Structures are given as structure tokens and as C-alpha cells.
1. I'd like the residue in the stretch 108-127 that is in contact with a helix residue (DSSP H, G or I) (Cβ under 7 Å, 6 or more places away or on another chain) and part of a strand (DSSP E or B) and, out of all such residues, is surrounded by the most Cβ atoms within 10 Å (Cβ to Cβ).
2. Being without any contact (Cβ under 8 Å) to a residue 24 or more places away in the chain and either more than 10 Å from the ligand (Cβ to nearest atom) or part of a helix (DSSP H, G or I) (or both) is true for just one of R57, R81. Which residue is that?
3. Which condition breaks for A101 when tested against (1) within 18 Å of the chain's Cα centre (by Cα); (2) surrounded by 17 or more Cβ atoms within 10 Å (Cβ to Cβ)?
4. Given (1) touching a helix residue (DSSP H, G or I) at 6+ places or on another chain (Cβ under 8 Å); (2) at pLDDT below 95; (3) more than 13 Å from the ligand (Cβ to nearest atom), where does Y19 come up short, assuming only one miss?
5. Restrict the check to the stretch 11-22 and report whether at least one residue is aromatic (F, W, Y), surrounded by fewer than 20 Cβ atoms within 10 Å (Cβ to Cβ) and touching a Ser or Thr at 6+ places or on another chain (Cβ under 6 Å).
6. Has the stretch 156-170 got any residue that is surrounded by 14 or more Cβ atoms within 10 Å (Cβ to Cβ), farther than 24 Å from V53 by Cα and touching a helix residue (DSSP H, G or I) at 6+ places or on another chain (Cβ under 9 Å)?
Amino acid sequence: MPPNDHNDRDRIYAQARDYVSEFEFDESVARVFDDMISRSVPGYRTVIAMLGVIAQRYSRPGSTIYDLGCSLGAATSAMRRHLPFDDCAIVAVDNSPAMIAKARDNLRTQHSPVHVSFRCEDIMTTEITHASIVVMNFTLQFIEPKDRFEMIKKIFDGLLPGGVLVLSEKIFFEDAVRQNRMTELHHAFKRANGYSDLEIAQKRSALENVLIPDDISTHQARLELAGFRTVDVWFQCFNFVSLLAQK
Ligand SMILES: C[S@@+](CC[C@H](N)C(=O)[O-])C[C@H]1O[C@@H](n2cnc3c(N)ncnc32)[C@H](O)[C@@H]1O
């Protein structure tokens, strides 16, 4: 990513608010998003870097790679850098105009023969075809729970045999003790990255009805029901995981 996208520090919830409205991926969030996600999601940079490794391993010549909920294009950029086939194409989708505009800008300076098309649309309407890799990096958690199976099934149907879905998510633990422990560790991570207790509390309340995490067994069962042959947790840090599901 170009340096300007690293510079804006997230102070969105730094001042006390009378009323905390629902979180939106609008212009103010897009402006600070790289800083926000890096300081809020433990392991985010590692996950992005490993998407490059996964893309190198699982891409197929002439296939399409989808980045669903691409935000500023970090996953697209990492995969594009490592793709061994020039005739692959990447489709990067987000329904936030501010995010897509910045993603397009960020990728403009990256030199690569791999074509990227950006689409500003709801991923529920995105047609998936001839895919070797589909990435949903911390995006399914923002889709209505009732629509999640349909989304996963559509991805499965659009993947080539042997194709993979990388699904990264914040997860919820049924066991209350474990849920509290992981939530505490996540908040400690945010505090260590400079967020105040006020920022943590206000952001949490903004996300309350917007980011709805599933537990790991719900994810695994849904992927298996959709038809995925294997489902592996390849990354976990506290209450954040990434799964690799192969068709
Ligand atoms: C946490 S961010 C994803 C981060 C990004 N994948 C990355 O690796 O940096 C979630 C993104 O999903 C997008 N999003 C949420 N619901 C969506 C939907 N129904 N259709 C398209 N994009 C959606 C948001 O606008 C936001 O940019």
C-alpha cells in the first residue's frame, strides 16, 4: 500500500459521544481503515502476508480470484504480488464506495500483469465463476446470519475442483469462561496498541448489532454442509481465526 494509507491514525471513538450510532464503512472509516484494522485485529498483518503464500500455492492458470469485502485492497495486493500466473484475474468487491475508491487508488501503483477489476456491489449479488481462490477476510461476520449459508454455497459452487475459500472471522465462544478470557485478551491487545478504554467501549457498542460472530463449530458445519471436502484452521490469535476450506 502507498504510504498515505498508513499515516491516518484512527481516533474515531476517542471523544466521548452522547449517542454511539451503528458502525459504517463510510469515508471517515475508509480514511483510517489500515490503522484501525491493524491495531484492532490481532494477526491481521500475518494473515494478509500469508494470503500471498496461499495465492501462490492454490492459484490455477486462467482462473479468477475473488476478494469479497476487499476494503482498501490489502488482500488483493498481497495475492497479486505472489500469483505465479499472469493470466489470472482478480475481482475485488466491496459495497462501500469510499473503500472501493481508495482500493482502486492503492492498487494503481502496483506493477503486475494480473488484471484487477473493482466492483462496488453487495457480495450477495456477486457472481462467482471459475474461481481457484475466494477470500473473505473478516467480511462474512457483517453478512446477515440468515444469508450466510447461501453466500458460502454460492462460493462453493463457483470454485473449481480443488479450489479454496479463505475465511477469516472474529469468533464467539459458547463457553462463557473462554469467551471472557479471549475478549479480555483482545481488549488488552487493543490497549497495547494505544486504544483507550473509552475508544474500546464506544467501538464495541457501535459494532454490537453490525458484527455478529459465529462460533467455530457453526463455521465448520456450514462449510461442510456446503460441500467443502476439508476445513482447516490455519491461523488463530485470541478470538480471531482464519479457515482454509478446500472443494
Ligand atoms: C473488516 S472489512 C474487511 C477487511 C479486508 N478484507 C481486509 O483484508 O483488509 C469488511 C468489509 O466488508 C465490506 N462489506 C460488508 N458487507 C458487505 C456486503 N454485503 N457486500 C460488500 N461488501 C461488504 C465493508 O464495506 C468492509 O469494507
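The values are calculated or read from the model by the stated rules, or taken from the named source; none is laboratory data. Predicted, not measured: the structure shown is a model, and the values here were computed from it. So basically every Cβ, Gly included, is an ideal-geometry build from the backbone, and we count neighbours across all protein chains shown.
1. V116
2. R57
3. (2)
4. (1)
5. no
6. Of the stretch 156-170, the ones surrounded by 14 or more Cβ atoms within 10 Å (Cβ to Cβ) are 156, 158-160, 163-170.
Filter once more, so that each one left must be farther than 24 Å from V53 by Cα: none.
There is no residue in the stretch 156-170 that is surrounded by 14 or more Cβ atoms within 10 Å (Cβ to Cβ), farther than 24 Å from V53 by Cα and touching a helix residue (DSSP H, G or I) at 6+ places or on another chain (Cβ under 9 Å).
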